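Please read the structure below before turning to the comments.
Coordinate-derived values only; no laboratory data. Remember, it's a predicted structure, so these values are computed and weren't measured experimentally. Because the Cβ atoms are built from the backbone with ideal geometry, glycine has one as well, and the counts that use them run over all protein chains shown.
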Amino acid sequence: MHIALVGIGKIALDQHVPSITASSDWELSATVSRAGSVDGVPAYTDFAQMLDERPDIRVVSLCLPPVPRFDFAAMAIEAGRHVMLEKPPGATLSECHTLEVMARTRRLSLYATWHSREAEMVAPAKAWLKDKKLRHFHVTWKEDVRRWHPGQDWIWEPGGLGVFDPGINALSIVTEILPDSIHLRSANLLVPENRQAPIAAKLDFYHPQGAVVTTDFDWRQEGEQIWTIDAETDEGTLRLWNGGANMAINGAEVKAADSASAELSGEYPRLYQKMARLVESGNVDVDLSPLRHVADAFALGHRATVAPFIE
Ligand code: NAP
């Protein structure tokens with residue numbers, strides 16, 4: 001299938017282009033970006049023009065930051081294209097609901113991707129937790145914003161989510177692996193005095209069986225970068241680390257079953273395989289639960305102002 005990639009920035013070049021190129025499902029047939037391009041691929045700067053001139057391209061993958069994404073997605077759906085959305089699927093829940101209704105009405109596929117859910121050990125962790133009684137569950141997501149988001153001013157603006165940009169990856173795993181649904185009870189957000197979005201956040205969730213469920217997101221982490229999830233249950237402990245790439249049960253590392261083909265190893269190749277199957281079957285996959293928790297944190301969170309962030 002011919003696909004167009006829109007917003008040729010960091011994630012498009014790091015992950016989307018190599019995953020599409022390696023896939024037997026896809027052919028990268030156009031890019032749309034004001035400044036970026038990919039060698040050997042027709043490059044457009046005007047999205048409407050690409051939609052107009054390339055009726056052969058039935059699928060569009062949007063790698064833009066969340067705030068501009070809705071307008072591009074709506075335009076693509078109105079032009080009869082299937083759409084794949086980078087995470088988070090939008091800047092607000094309402095605009096994501098609107099896109100889902102638009103896609104369903106036109107019988108087009110819409111995929112709100114959550115790349116962290118495709119990490120190697122997320123499915124095994126979900127399977128292990130399925131029949132356990134949860135007691136404690138804690139997420140630690142601490143990374144250095146200067147290292148991972150150099151020069152990305154949008155991330156500090158309204159709708160950019162601040163530390164929830166990586167934090168929502170953790171929440172996408174949490175909402176995938178926990179058998180029970182949780183909701184936010186309280187949140188503490190630390191917002192630099194010169195920015196609109198938090199640099200750190202601690203969340204506390206209600207759990208229907210009374211387990212203590214908390215998260216700790218921080219963008220000020222230097223040195224070791226930490227992306228771990230720890231669960232304590234009635235039948236032992238589970239730890240995910242490296243963002244879900246590794247897992248230990250009761251302290252012993254469990255290795256992934258060696259079943260994936262080379263083409264399908266890695267988070268983004270799996271996303272593109274799922275998008276291919278969605279388009280073939282005419283289905284929609286829009287799970288907004290990670291974004292819902294973030295929206296709740298902004299609605300309910302206690303804010304404290306901290307030192308300015310200067311890159
Ligand atoms: P980025 O490099 O800052 O931006 C991506 C591209 O979007 C830019 O190169 C720019 O292309 C276009 N763009 C930016 N602002 C725009 C606007 N207002 N209107 C139209 N186009 C605009 O960001 P990124 O890191 O790739 O992140 C993009 C999305 O991927 C985010 O939602 C992020 O959460 C997600 N993501 C990022 C990472 C990562 O490691 N960076 C990992 C996973 C997911 P042109 O200027 O050339 O048009």
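Observations on the structure shown:
- Projected-area mean, the chain, by convex hull of Cα positions, square nanometres: 16.3 nm²
- Bridge type composition, the chain - antiparallel percent by DSSP, nearest 5: 50 percent
- Nearby aspartates and glutamates by direct alpha-carbon distance to Lys202 (threshold 12 angstrom, same-chain neighbours under 8 apart not counted): Asp216, Asp218
- Counted by neighbouring Cβ atoms within 10 Å, the residues Lys87, Lys202, Lys130 run from fewest to most as Lys130, Lys202, Lys87.
- In this rough spin-label picture, where each label sits 7 Å from Cα along the Cβ direction, the Ala74-Glu27 distance is 3.3 nm.
- Of the residues Ile77, Val67, Val101, the one whose Cα sits farthest toward the positive end of the charge dipole of segment 2-112, with +1 on the Cβ of Lys and Arg and -1 on the Cβ of Asp and Glu, is Val101.
- Out-of-range pairs (alpha-carbon distance over 30 Å; input Lys142/Lys255; Lys10/Lys132; Lys87/Lys126): Lys10/Lys132
- Euclidean distance between Cα centres, segment 167-243 to segment 82-104, Å: 24 Å
- Here's the list of aspartates and glutamates a cross-link from Lys133 could span, going by alpha-carbon distance under 16 Å and ignoring same-chain residues fewer than 8 apart: Asp180, Asp230, Glu232, Asp234, Glu235.
- Length-normalised contact order of segment 2-112 in % [C-alpha pairs under 8 Å, at least 6 apart]: 23 percent
- Mean separation of Cα contacts under 8 Å, 6 or more apart, over the residue count of the chain: relative contact order %: 20 percent
- Estimated FRET transfer efficiency (Gln209, Ala35; beta-carbon r; R0 51 Å; 0.05): 0.50
- With θ taken as phi - 60° and the Karplus curve 6.51 cos²θ - 1.76 cosθ + 1.60 applied, the whole-hertz 3J(HN,Hα) list for segment 221-230 is 6, 9, x, 4, 9, 10, 9, 10, 10, 10 Hz, x standing for glycine and proline.
- For the peptides 171-178, 10-17, the ranking by mean Cβ contacts within 10 Å, running from highest to lowest, is 171-178, 10-17.
- With the simple spin-label model, which puts each label point 7 Å out from Cα in the Cβ direction, the His2 to Thr92 separation comes to 3.5 nm.
- Phi to ³J(HN,Hα) by Karplus 6.51 cos²θ - 1.76 cosθ + 1.60 over segment 172-178, Hz, x for Gly, Pro: 5, 6, 4, 6, 7, 8, 6
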